[in-house]
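Student: Here it is: the structure, laid out below.
What follows draws every value from the coordinates through simple rules; no lab data is involved. Fair warning: this is a prediction, and the values are worked out from it, not measured in the lab. Backbone-built Cβ (ideal geometry, glycine too); neighbour counts: all protein chains shown.
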């Protein structure tokens with residue numbers, strides 16, 4: 001572009017590079033540090049010696065974690081929840097988005113459904129009534145409480161709907177002349193045409209369900225039923241909060257026996273690995289495609 | 001000829017009717033779940049006007065009118081809760097915006113493509129991680145015997161109780177939130193900068209405008225619409241200061257500055273089983289949020305000619 005190599009502009013460019021690199025390191029360090037801690041021996045961790053690389057490299061934490069039945073049980077619950085939610089969310093979203101992408105002339109009643117959806121998006125019963133209702137249904141301690149309370153991702157449904165509106169009418173008309181019913185039109189034409197937006201909402205569903213700990217916290221009163229993130233919160237954070245709130249040494253010691261820092265770090269690393277595996281996809285669809293998110297009605 | 005036209009009409013009518021039935025059926029599963037898990041709980045809001053007792057249920061609990069709301073007003077808590085919520089959420093919105101805009105402007109200057117891509121990959125990552133795993137990391141770094149305090153001590157400075165003192169807690173919440181979100185927030189601003197006509201920059205440069213002046217007079221004005229839009233989107237959530245984060249970071253020592261509406265609803269309403277009181281707080285929060293959102297949307301339609309949602 002503009003080649004202006006005065007001293008001032010050179011200094012500015014160097015400073016820019018330094019700031020950007022520092023910003024990168026600032027984001028990287030806390031995450032990398034956890035990885036280093038998880039591979040370090042516990043004395044090094046207690047002595048706060050671990051920064052960028054493991055001290056006294058060991059796999060002890062991971063071996064211990066491997067034997068931690070509750071961790072893997074919670075891991076399994078989270079996987080089950082993500083899979084069930086993904087399947088249910090996708091089916092409901094495309095099924096709702098298609099009729100809603102019609103005009104009121106094409107589908108009498110479309111505006112009423114759309115209104116109901118928007119009301120539900122803008123207004124909800126809040127934590128307590130929702131909890132009591134789930135309890136009434138007898139879903140407490142069941143993975144279905146986590147799945148079904150999020151069965152209809154409204155915002156994402158509207159996003160898919162907006163994408164469907166942009167699909168050329170001629171494609172659909174041709175199929176209808178050939179005798180296809182609306183379900184066939186949806187499956188054979190709309191879904192294959194909408195891969196980017198469907199990938200986006202699928203990833204939202206996966207990441208949201210994997211990361212959520214709040215629902216586990218309220219709908220799973222029994223420790224053994226906690227999904228992974230709620231489990232990590234329960235084990236790791238409770239202890240930390242106890243420490244910050246000034247609990248006595250004995251209380252802390254008894255609580256600390258449950259889990260060491262190195263072991264906790266291994267738990268965090270394993271809990272994040274699934275997200276790292278799909279991170280290239282997240283970058284492709286949720287970052288590059290972020291503009292799809294600008295919903296219009 | 002005429003007959004076929006008639007037949008065609010009949011067929012069109014028939015297909016119109018079948019497709020109507022299909023459309024309703026397609027919406028059915030979603031609507032059932034919305035009724036079960038969305039509209040029925042909305043009905044449960046009436047407990048904000050009751051002295052709700054679970055064993056009596058919604059239909060036999062005593063009606064108390066606005067007593068729960070009066071109780072809120074009398075309690076000093078509500079002022080504190082509102083103040084904490086607003087300070088934390090407005091702080092988050094503004095600081096993330098400023099940092100993200102600056103970051104996007106600087107990142108756009110980087111010509112070394114691999115460095116740029118690498119930094120982007122790293123700074124976007126924390127957005128996708130849950131506070132359940134980030135909070136322990138925050139404790140590791142900012143706790144009383146965390147790494148930051150070790151560094152401070154090594155420099156001969158006193159330890160800072162980032163998470164356990166009412167002086168620093170709100171700053172810690174805002175700071176760690178900015179750390180998590182500035183990268184992801186910068187994406188839209190970066191896109192806005194990329195959209196600026198390079199000719200404008202060149203013209204300004206030929207006129208002798210320094211880099212700073214070009215940023216101020218060319219880049220920032222080009223970003224203004226998206227900045228306003230982002231602010232508008234956030235206004236509707238102003239009473240949500242981030243349950244996920246605060247609940248994982250706070251402790252009883254910092255309730256005075258750290259307790260927000262959402263954590264109060266959970267702790268006092270749900271865990272403390274004061275269902276009616278908690279629902280009343282939630283209701284106030286939703287109504288205010290809704291009113292704010294609708295008015296911002298109206299304003300945005302009028303001024304920016306663009307609907308926020």
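Student: Expressed as a whole number of Å, what is the distance separating the alpha-carbon centroids of segment B:180-233 and segment B:122-136?
Tutor: 27 Å
Student: Compute and list, largest first, the equivalent-ellipsoid semi-axes of the protein assembly as shown from the alpha carbon gyration tensor, each √(5λ) rounded to a whole angstrom. List each step's numbers first, then the result.
Tutor: Numbers: eigenvalues 345, 245, 128 Å².
Three semi-axes, in Å: 42, 35, 25.
Student: Only Cα pairs within less than 10 Å get springs; with that Gaussian network setup on chain B, which residue of B:193, B:227, B:40 has the largest fluctuation?
Tutor: For chain B, modelled as a Gaussian network with Cα springs under 10 Å, the answer is B:40.
Student: In the Gaussian network model of chain B, springs joining C-alpha atoms below 10 Å, which of B:263, B:194, B:18 carries the largest mean-square fluctuation?
Tutor: In the Gaussian network model the winner is B:18.
Student: What shape does segment B:69-303 have by the C-alpha gyration tensor, where a ≥ b ≥ c are the square roots of the eigenvalues, rounded means a/c under 1.5, and otherwise prolate means a/b greater than b/c and oblate the rest? It would help to have the intermediate numbers written out before the result.
Tutor: On the way: a/c = 2.60, a/b = 1.43, b/c = 1.82.
Taking the square roots of the gyration eigenvalues as a ≥ b ≥ c, segment B:69-303 is oblate.
Student: Which order do A:50, B:10 fall in if you start with the one that has the fewest other Cβ atoms within 10 Å?
Tutor: Numbers: A:50 26, B:10 10.
Result, fewest neighbours first: B:10, A:50.
Student: Now a separate question. Please report how far the C-alpha centroid of segment B:153-174 lies from that of segment A:42-69, rounded to the nearest whole angstrom.
Tutor: 27 Å
Student: Between B:134, B:36, B:27, find the one with the highest GNM mean-square fluctuation for chain B; connect C-alpha pairs within less than 10 Å.
Tutor: In this elastic network of chain B, the residue with the biggest mean-square fluctuation among B:134, B:36, B:27 is B:27.
Student: To continue, here is another question. Could you give the spread of the C-alpha atoms of segment B:2-63 along their three principal axes, from largest to smallest, in whole angstroms?
Tutor: Cα spread of segment B:2-63 along its principal axes, largest to smallest: 71, 18, 15 Å.
Student: Can I ask one more? Can you pull the Rg over Rh of segment A:59-297, Cα-only, Kirkwood?
Tutor: 1.07
Student: What translational D, rounded to a whole number of µm²/s, comes out for segment B:1-118 from Stokes-Einstein when the hydrodynamic radius is the Kirkwood one over Cα pairs, at 4 °C and 1.567 mPa s?
Tutor: My calculation gives 59 µm²/s for D.
Student: How would A:90, A:159 line up from fewest to most surrounding beta-carbon atoms within 10 angstrom?
Tutor: Exposure proxy ranking, most exposed first: A:90, A:159.
Student: So what are the three principal axis dimensions of segment B:82-149 from its Cα atoms, in whole Å, longest to shortest?
Tutor: 42, 29, 24 Å, listed from the longest principal axis down.
Student: What's the average, rounded to a whole number, of partner chain beta-carbon atoms within 10 Å of each residue's beta-carbon in B:42-48?
Tutor: For this peptide, the per-residue mean of nearby foreign Cβ atoms is 5.
Student: Report, to two decimal places, the Cα Rg of segment A:14-145 normalised by 2.2 N^0.38 Å (N = number of residues).
Tutor: Here the answer is 1.76, to two decimals.
Student: Pull out a ≥ b ≥ c, the square roots of the eigenvalues of the alpha-carbon gyration tensor of segment A:1-58, then state rounded if a/c is under 1.5, prolate if not and a/b is larger than b/c, and oblate in the remaining case.
Tutor: Verdict is prolate for segment A:1-58.
Student: Still on this structure: Mean separation of Cα pairs under 8 Å and 6+ residues apart, divided by the residue count of segment B:69-303: what relative contact order is that in percent?
Tutor: 29 percent
Student: Which of B:216, A:144, B:63 comes first, and how do the rest follow, when ranked by fewest Cβ neighbours within 10 Å?
Tutor: Ranked by crowding around the Cβ, least crowded first: B:63, B:216, A:144.
Student: At q = 0.12 Å⁻¹, what is the log10 ratio I(q)/I(0) for segment A:113-215, with the Debye formula run over Cα points and no solvent?
Tutor: Log10 I(q)/I(0), no solvent term: -0.58.
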